[in-house]
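Enquirer: Just passing along the structure, written as structure tokens.
The values are calculated or read from the model by the stated rules, or taken from the named source; none is laboratory data. Just so it is clear, the model here is predicted, and its values are computed rather than measured. Virtual Cβ from ideal backbone geometry, glycine too; neighbours counted across all protein chains shown. Accessible surface is based on the protein model in full, side chains and every heavy atom, while ligands, DNA and RNA are left aside. Shrake-Rupley method; radii C 1.70, N 1.55, O 1.52, S 1.80 Å.
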Amino acid sequence: MREQYIPQEIERKWQKFWEENNIYHTPNESDKPKYYALSMFPYPSGRLHMGHVRNYTITDVIARFKKLKGFNVLHPMGWDSFGLPAENAAIQSGRNPADWTLSNIDYMRDQLKTLGLSYDWNREIATCKPDYYKWTQWLFLEFYKAGLAYKKEAGVNWCPGCATVLANEQVEEGLCWRCSDTVEKKKLSQWFLKITDYAEQLLQDLDKLQGWPEKVKLMQKNWIGKSYGTVLKFKVAELDNIEIPVFTTRPDTVFGVTYLAIAPEYPLIDQLITEENKDKVYDYVENAKRMSEIDRASTEREKTGIPLGTHVINPLNGQKVPLWTGDYVLVEYGTGAVMGVPAHDVRDFDFAKKYELPIVEVIKDPNKKEEAPLSEAYIEPGIMVNSGEFTDLESEIGKQKITQWAEQNDVGYGQVQYRLRDWLISRQRYWGAPIPIIYCDECGIVPVPDDQLPVLLPEDVDFKVQGKSPIATSQTFVNTTCPKCNKPAKRETDTMDTFICSSWYYLRYIDPQNDQKVFNSNLVNHWMNVDQYVGGVEHAILHLLYSRFFVKVLRDRGLLNFDEPFENLLTQGMVLKDGAKMSKSKGNTVDPDEIFQNYGADTARLFILSDSPPERDLDWSDTGVEGCYKFLHRVWRLVKNTHENLIFNYQDLNPASLAKENSDLLRETHKAVKRITLDISNEFQFNTAVSKCREFVNYIYDYVNKKETYSDEDKNVLSKAILTLIKLMSPIVPHMAEEIWHELGGEGSIHLTNWPEYDDSLAISEEIPIIVQINGKVREKLTMPVNSTNENIEATAKANPKVQSYIQDKQIVKVIVVPNRLINIVVK
RNA sequence: GCCCUGGUGGCGGAAUCGGUAGACGCGCCGGACUUAAAAUCCGGUUGGGCUCAAACCCAGUGCCAGUUCAAGUCUGGCCCAGGGCACCA
């Protein structure tokens, strides 16, 4: 065995060995129970960053652990390889996006191999390859056939930076999620997926996801945004046949309506303006439309509006109130119109104050006695006043009564409303899966027949074109014939949002080479759900919501038989440096390649797991890395120095017959197995698992330091301890474990063996400390046999001289004994 | 503004059920080895009091109350930090 631990020598060697012997290949058929461990696949941006390293190391340790525990583990990797950076690189460097992407993949695949991850590379996929996107297109057509993909003209989010539209989920505070450019509104005809049809299921099924962080479920719940309310129809006083429906969650406040406001984009707005107001209102509407999303949506900004000149009739009390348009009313939500109740809505209150509209109080705060004008909106429930026949009702009951009344009198109805909008999937970009649709003058929208898939990306395109997809510049692509009537027709030139590609990739890993079907349903039903999904919390809504939607649709199309894709979800924290997110602009990045070269992958893996629990942020620390490197050297030396006294096929000796130091070492071995097994099984507490490895190593050092020579008994017990240690560490530092295993006489691979078992009865000490408290304060520590009786503990404690000094002359009020823990004597 | 999460030494973080607060590591200090240094091995390291030293005592898990024999852990109120949502009617 080498004097020193030199990772650069051993890591490459074992990576090659593992690959040549195909030890991470996962068969579909197996007697063992299945376990599907999955990391969120990366965008091939060029090189790995520390966030990747952390993500994949966590999943790898789980996969290796489960494999040793006897599971048939599926642990695949692939590439989310469509997307804008490739195209931008193409524009800047003149390279083809495909070349750029594929060479990045090659580099990053090497990096992943250098990290020693236990992937089954036979299952690798890349979403930009035709044999993958063929099936993305096929799935789009499934949605189309189900009536879940449709095209409509709509006001959509346009990112000038990316020169494409975005889905709602991809706009963060009015900015593009990718490039942070200010998002504009544009009216365009675009493809949507009807995710709103599944709003209720997506909400309900969150309850099934016991293995998800509450935080993520809550974010999805808020995003779906279910609310219960009532639609009330207001007739326009000046026009006979027009009604304006409003959605409200507070029908109990309808007697407090003093105006009604519609969105500036309200479709019927033209008819609702009186002649003399037309110029002013059109000016206002134009202004509102020009405003950017952030300005418009800001709650800081003062709300504005303008009266249209017409009026509406309150269906409950017949009152005539003015009709306004205001930029705080959103056309996309509810009916695009709101009833103004200044007394009981914060926004309406602001609006009424500004424009001197009346404020009519109709809900009374039951806790407030004296009459005083409202200084702010009262939005809590209360007792209804000034509300005709509903006066004196409790407002929560009033909601129901008024809704009933509206239904009986045909002026409204109860309604459930969701905040979730349909998913806009068209992108005016090249590097994505083309939407497989043909437009024919005769037949209209015609889906590309299955046998003509994939619709391949053309190569004769001008990437620099603005405002439309570069694909539109390819005449060979655009011009085609209609599959129905064979007459000349045009292809759809937009590509799909890349989130579509990533909504089903975990299914394709199961059957990656199938060229007949999207996947074999039986195999998918066998392997799914993903038992453990690991990735960043930034996908809490986007990717995770879309994937859940996909699975539900595929289930309803008969392609699979489960409701949810991801059984358990671990959202790992970020990797920071000096307390801040690593970024090139801050100059605080740490390059994984450099760490691999200087310290080896095992040190990187060990450090990234040991300093923080996985879901928390991790601050990168050079000295921490150094410490991990030293620890691995320490383990190496331990083995090196005891090497000649170690027996690979050691005997399990009868614990009762062992010398004290050997039974102690055996007990520590069982303890270590128990604690590390539990730490990894429960919540993946790798940081505490690592610290227990270190404690165990320290213990063995103590043992070894006291020995000059080794008896046969010593050798067997020490061998068990050290070989067990190596196995416990093998998921975390796979190369070093493999090397030591072979040095000690192992054959094959340590990663194909079994996780050590522990015996609970041997993991317990014979003597344990018992704390003695007097009036709750620790005064003495006793050492007593495990499982001593309460009487025994009490007698021993009372006999103790120090305890005596505290209890003599005092009256004992109470004695509490917690077995194997402590005794508390209460005295007066 | 609303919702969520978290606040423990110089630092990262431990602490099944309420039961020894500070495991393990980093850093720092000391000892051994060495001509010397590095590396290594061993020991110390919450603050304060007392002491030559130890023993011992007091305080201590963001702040203030409470429940309990016993609170980092439970309850109520507050402060601070981080995250999510944000004119969704």
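Enquirer: Based on the mean of other Cβ atoms within 10 Å per residue, sort peptides A:811-819, A:671-679 so the most packed one is first.
Expert: Final packing ranking: A:671-679, A:811-819.
Enquirer: Could I ask something else about it? Dipole of segment A:767-827, Cα-centred, from +1 at each Lys and Arg C-beta and -1 at each Asp and Glu C-beta, to the nearest 20 debye?
Expert: Values: 8 positive and 5 negative charges, 47 e Å.
The dipole magnitude comes to about 220 debye.
Enquirer: Solvent-accessible area per residue for segment A:767-827 at a 1.4 Å probe radius, Å²?
Expert: Value returned for segment A:767-827: 62 Å² of accessible area per residue.
Enquirer: Can you pull the percent of segment A:354-504's accessible area that's carbon plus sulfur, 1.4 Å probe, other chains left in place?
Expert: 48
Enquirer: Among A:V455, A:G161, A:V827, which residue has its Cα positioned farthest towards the positive end of the charge dipole of chain A, with +1 placed on the Cβ of Lys and Arg, -1 on the Cβ of Asp and Glu, and the dipole taken about the Cα centre?
Expert: Value: A:V827.
Enquirer: Related question: With a ≥ b ≥ c taken as the square roots of the eigenvalues of the C-alpha gyration tensor of chain A, please select rounded if a/c is under 1.5 and otherwise prolate if a/b is larger than b/c or oblate if it is not?
Expert: Oblate, because a/c is 1.5 or more while a/b does not exceed b/c.
Enquirer: In debye to the nearest 20, how big a dipole does segment A:639-744 give about its Cα centre with +1 on each Lys and Arg Cβ and -1 on each Asp and Glu Cβ? Before the final figure, lay out each step's value.
Expert: On the way: 13 positive and 16 negative charges, 57 e Å.
Taking the Cα centre of segment A:639-744 as origin, the dipole is about 280 debye.
Enquirer: For segment A:592-762, what does the accessible surface come to per residue with a 1.4 Å probe? Please give it in Å².
Expert: Value returned for segment A:592-762: 42 Å² of accessible area per residue.
Enquirer: Just flag the GluC sites (Glu not before Pro) in segment A:251-302 sitting in loop per DSSP whose Cβ has no more than 12 other Cβ atoms within 10 Å.
Expert: Sparse-neighbourhood loop GluC sites (Glu not before Pro): A:E300, A:E302.
Enquirer: Say the cut-off is 19 Å between C-alpha atoms; which of A:K640/A:K720; A:K468/A:K490; A:K233/A:K278 go over it? All intermediate terms of the calculation are to be shown ahead of the outcome.
Expert: Values: A:K640/A:K720 16 Å; A:K468/A:K490 15 Å; A:K233/A:K278 24 Å.
Over 19 Å Cα-Cα: A:K233/A:K278.
Enquirer: If you take the charge dipole of segment A:274-334 about its Cα centre, with +1 on Lys and Arg Cβ and -1 on Asp and Glu Cβ, which of A:G326, A:L316, A:M291 is farthest toward its positive end?
Expert: Towards the positive end, the residue furthest out is A:L316.
Enquirer: How big is the dipole moment of segment A:15-132 about its Cα centre under a simple scheme where the beta carbon of each Lys and Arg is +1, that of each Asp and Glu is -1, and everything else is neutral? Debye, nearest 20, please. Don't jump to the answer; show the numbers that get you there.
Expert: Working: 14 positive and 13 negative charges, 99 e Å.
With only Lys, Arg, Asp and Glu charged at Cβ, the dipole is about 480 debye.
Enquirer: Pairs of alpha-carbon atoms within less than 8 angstrom and 6+ residues apart define the contacts here; what relative contact order does segment A:227-417 have, in percent?
Expert: For segment A:227-417, the relative contact order is 29 percent.
Enquirer: Of the listed pairs A:K152/A:K484; A:K66/A:K586; A:K185/A:K208; A:K152/A:K581, which have alpha-carbon separations greater than 29 Å here?
Expert: Values: A:K152/A:K484 23 Å; A:K66/A:K586 39 Å; A:K185/A:K208 37 Å; A:K152/A:K581 40 Å.
Pairs exceeding the cut-off: A:K66/A:K586; A:K185/A:K208; A:K152/A:K581.
Enquirer: Between segment A:608-654 and segment A:530-545, what's the alpha-carbon centroid distance in Å?
Expert: Their Cα centres are 31 Å away from one another.
Enquirer: I've got another one for you. In chain A, which helices (entire DSSP H runs) extend 20 Å or more along their own long axis, judged by Cα positions, while averaging at least -1.0 on the Kyte-Doolittle scale?
Expert: Working: long enough: A:50-68 (27 Å, -0.13); A:97-114 (26 Å, -0.89); A:130-145 (22 Å, -0.82); A:542-556 (22 Å, 0.50); A:622-642 (30 Å, -0.45); A:660-681 (31 Å, -0.82); A:686-705 (28 Å, -0.21); A:712-729 (26 Å, 0.27).
Qualifying helices: A:50-68, A:97-114, A:130-145, A:542-556, A:622-642, A:660-681, A:686-705, A:712-729.
Enquirer: Among A:Q220, A:L202, A:L188, pick out the residue whose Cα is farthest towards the positive end of the charge dipole of segment A:185-230, where Lys and Arg carry +1 and Asp and Glu carry -1 on C-beta, about the Cα centre.
Expert: Going by the charge dipole, the pick is A:L188.
Enquirer: Given contacts defined as C-alpha pairs under 8 Å and at least six residues apart, what's the relative contact order of chain A, whole-number percent?
Expert: 14
Enquirer: Another question, if that's okay. Please identify every one of the GluC sites (Glu not before Pro) in segment A:1-45 that sits in a loop by DSSP and has no more than 10 other beta carbons within 10 Å of its own beta carbon.
Expert: Here the sparse-neighbourhood loop sites are A:E3, A:E29.
Enquirer: Let me ask something else about it. Tell me, how many Å apart are the Cα centres for segment A:31-60 and for segment A:417-494?
Expert: Segment A:31-60 and segment A:417-494 have Cα centres spaced 33 Å from each other.
Enquirer: Using helices alone, I'd like the mean residue ellipticity at 222 nm for chain A: each DSSP H run of four-plus residues gives -39500 (n - 2.57), total over residue count, nearest 500.
Expert: Working: 25 runs with 296 residues, N = 828.
One gets -11000 deg cm²/dmol as the mean residue ellipticity at 222 nm.
Enquirer: Considering Cα pairs under 8 angstrom that are at least six residues apart, work out the relative contact order of segment A:592-762 and quote it in whole percent.
Expert: Value for segment A:592-762: 31 percent.
Enquirer: Let me ask something else about it. How many percent of the accessible area of segment A:25-112 is carbon or sulfur, using a 1.4 Å probe? Provide the component values of the computation, followed by the final result.
Expert: Details: 1430 of 2910 Å².
Roughly 49 percent, rounded to a whole number.
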